[in-house]
Amino acid sequence: MKIKPLGKTVRFENDGELEFFFVGTGSAFSKRFFQTNVLIIKGKDHLLVDCGTMCPYAFHTYNSSVEHVRNFLITHSHADHMGGLEEVGLLNRYGANRDKYAKPSFIITDFYKKILWEQSLRGGMAYGEFTNGRHLTFEDYFTQIKPEHISSSPRPLYKSRCGSIDLKIYRTKHIPDNTGSWRTAFYSCGILVDERILFPGDTLFDIELLNMMLKRYPSIEWIFHDCQFFPGGIHAYYGELKTLPEDIKKNMFLCHYGDNMEQFNAEADGFAGFTHRGCYYNFG
């Protein structure tokens, strides 16, 4: 793997190698590192995983625009992961470039689409038009791509594609903090990309999940894992992650961290390191 600098602006295509561009790497409240949203690039294909409140501004600081993103996947309904979608939808429907692009594609199950639209997006996006007796819906802004359900045990597992990018989508446990199981947790998911790169998204410390995915997909090369620097709460505590086996930690980059990350030395604690925003992680 090679870590490459941004350059003049964000690339949405490459020569066919798998890349992650981290738009941000910080927690929901980070003022330094933006929010943990990642652009996956492979050949002529790209996918933005999560689009938080800071995401459109972050693209602006990279001399780009969130308007250029044509494919989305959202892991859960916290604002640092979906708060930028209203701007995306309104720009694409009403912005100056509205005739330039087709509606963005959105990889999402029917189950989560209903939650995301009715509980998060509808209030700001539904009522700008009233035609033929109805207001706007999710489908007026996005083209849904439905993942295919491939397994129920030990957790729901789906597969999908974004062009050449292969995706496995699986349930995680994130909120509430006292949930004992993904079954009783509010909807959240992680992804596996090309059966090589594991990105659990926001999650509690969940060794069961890591063991399940590493056993099922021994081809996994790298893990980009959520972390926080204090115990409790709804993320994987750094102290808990330090207890993982060395052979897992050495291939694990940490993200979703607080603004005090310089107080910790991830490499000295056995990890691959902290993920850095504004960089391309090229996996070849």
(request) Count, please, the residues in region 151-182 that happen to be at pLDDT 95 or above and over 21 Å from the mean Cα position of the chain (by Cα). (result) 0
(message) Restricting to region 55-89, name every residue that is over 26 Å from residue 109 (Cβ atoms) and either among the small types (Gly, Ala, Ser) or buried (at least 21 other Cβ atoms within 10 Å of the Cβ) (or both).
(response) 58, 59, 64, 65
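Kindly establish whether residue 209 is modelled with pLDDT under 95, in contact with a helix residue (DSSP H, G or I) (Cβ under 9 Å, 6 or more places away or on another chain) and closer than 21 Å to residue 73 by Cβ. Give the derivation first.
Numbers: modelled with pLDDT under 95: yes; in contact with a helix residue (DSSP H, G or I) (Cβ under 9 Å, 6 or more places away or on another chain): yes; closer than 21 Å to residue 73 by Cβ: yes.
Taking the combined requirement at face value, the residue satisfies it.
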(request) Please work out which one of (1) surrounded by 12 or more Cβ atoms within 10 Å (Cβ to Cβ); (2) closer than 22 Å to residue 166 by Cα is the condition residue 92 fails and give its number. (result) (2)
(request) Examine region 120-133 for a residue that is without any contact (Cβ under 8 Å) to a residue 12 or more places away in the chain, out of contact with any Pro (no Cβ under 9 Å at 6 or more places or on another chain), part of a strand (DSSP E or B) and not charged (D, E, K, R), and state whether such a residue exists. (result) yes
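Take region 95-126 and flag every residue that is charged (D, E, K, R) and within 25 Å of residue 160 (Cβ to Cβ). Outline the logic, then answer.
So the first thing to find is which residues in region 95-126 are charged (D, E, K, R), and the list is 98-100, 103, 110, 113-114, 118, 122.
Within region 95-126, 103, 110, 113, 114, 118, 122 meet the criteria.
Looking at region 26-61, which of the residues that are among the polar types (S, T, N, Q) and farther than 23 Å from residue 116 by Cα is farthest from the chain's Cα centre (by Cα)? Full working, then the answer.
At the first step, the residues of region 26-61 found to be among the polar types (S, T, N, Q) are 27, 30, 35-37, 53, 61.
Checking which are farther than 23 Å from residue 116 by Cα leaves us with 30, 61.
Values: 30: 16, 61: 19 Å.
Step by step, filter region 26-61, then rank; the result is 61.
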(request) Return yes or no: is residue 106 touching a residue at least 60 places away in the same chain (Cβ under 8 Å), of a type outside the set (A, V, I, L, M) and touching a Phe, Trp or Tyr at 6+ places or on another chain (Cβ under 8 Å)? (result) no
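The values are calculated or read from the model by the stated rules, or taken from the named source; none is laboratory data. The model shown is predicted, which means the values in this text are computed figures rather than measured ones. Please note: Cβ atoms are built from the backbone with ideal geometry, for glycine as well, and neighbour counts cover all protein chains shown.
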